[in-house]
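Notes to accompany the following structure.
The values are calculated or read from the model by the stated rules, or taken from the named source; none is laboratory data. Note that this is a predicted model, so its numbers are computed, not measured. Here the Cβ positions follow ideal geometry from the backbone for every residue, glycine too, while neighbour counts run over all protein chains shown. These area figures cover heavy atoms from the full protein model, side chains too; ligands, DNA and RNA do not enter into them. Shrake-Rupley method; radii C 1.70, N 1.55, O 1.52, S 1.80 Å.
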2 protein chains.
Amino acid sequence: MGISKIDKMQNLSKNQQIIFDLIDKSSEPLKAYTILFNVQKKGIKAPLQVYRALDKLVEIGKIHKIESRNAFIACHNSSCQVAKATAFSICEICEKVTEISSAGLSKYLANFKDKDGMKYSKYNLEFFGLCKKCR
Amino acid sequence: MGISKIDKMQNLSKNQQIIFDLIDKSSEPLKAYTILFNVQKKGIKAPLQVYRALDKLVEIGKIHKIESRNAFIACHNSSCQVAKATAFSICEICEKVTEISSAGLSKYLANFKDKDGMKYSKYNLEFFGLCKKCR
DNA sequence: TAACACTATGTAATAATATAACATTTATAA
DNA sequence: TTATAAATGTTATATTATTACATAGTGTTA
């Protein structure tokens, strides 16, 4: 009668919950020190407390890191299996980031084989361009 | 009788050439401060000198930044149009990075449209897994 | 319950990555 | 040649991330 991994994913610790809530309600990706500044009133004082929570949230797939921006957004895509398959579009003017949810794309990438016939279990894809507003 | 952009790409400045040579002959991606350490004997003393050369080399497509690793490798792929379309495989154990050269993949991604029918002019894709040696 | 393993937290210090600001020099084009 | 753009040199500082060590909570199981 163990607790499954799925169940565990829903029981965030105190710091994890505070930081997830902040990221989840944000309309844009947040940087670690922006997060730190915003949660200091809740008792989280040190960078490490933020980075530890971020690491865990990324690990369980609740948030993703936008590598080219060193920033974090909440996952809104049920099909990215625990952070293993992520794709984003990034506007180079306003910096708006949107998670891409495309069955075709994820299928294509999950099945992609390199020259040696090797498949990869995990990927991150970042598209760049101009969003509707900024065109 | 102007000099074309292609020609310009081959005339690197002194610092750019020193830093490109180092990256080009490296068997692994190099980090900015590793580069700095290695070119100090050649008179490049400050981080900014390195970052400026790196920025330029990325811009003209001679090198690429591996975003998830904050490291740089030389481009060995004639088909990545001036750094606008890059794909890499990264071994999560030995950290070996290989640039992927796949006409199918680049065609698929160059033509990918999101839900709004929008195409993107630029992308970076990083695959993660275990390389042959580390399996 | 007691002992254990595991996860999370708190705190200080510091490492690693990257940019701002300003002065000067070199290369290129008109 | 003169204007312009590109590159360099230098100092200081901003931003991002980790090491090391001590403590506390949570769940498991003997």
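Of all residues in the range B:38-54, exactly one satisfies the criterion of being away from DNA strand D (no atom under 11 Å from the Cβ) and surrounded by 13 or more Cβ atoms within 10 Å (Cβ to Cβ), namely B:Asn38. For the range A:6-27, name all the residues that are open to solvent by 70 Å² or more (accessible area, probe 1.4 Å) and in a loop (DSSP other than H, G, I, E, B). Within the range A:6-27, A:Asn11, A:Ser27 meet the criteria.
Applying the criterion of being at pLDDT 95 or above and exposed (fewer than 15 other Cβ atoms within 10 Å of the Cβ) to the residues of the range B:108-135, the residue that is farthest from the other protein chains (Cβ to nearest Cβ) is B:Asn111.
Would you call A:His64 within 14 Å of chain B (Cβ to nearest Cβ) and surrounded by fewer than 14 Cβ atoms within 10 Å (Cβ to Cβ)? Can you show your working first?
Working: within 14 Å of chain B (Cβ to nearest Cβ): yes; surrounded by fewer than 14 Cβ atoms within 10 Å (Cβ to Cβ): no.
Taking the combined requirement at face value, the residue does not satisfy it.
Here B:Asn70 qualifies as without any contact (Cβ under 8 Å) to a residue 40 or more places away in the chain, at positive phi and within 16 Å of DNA strand D (Cβ to nearest atom).
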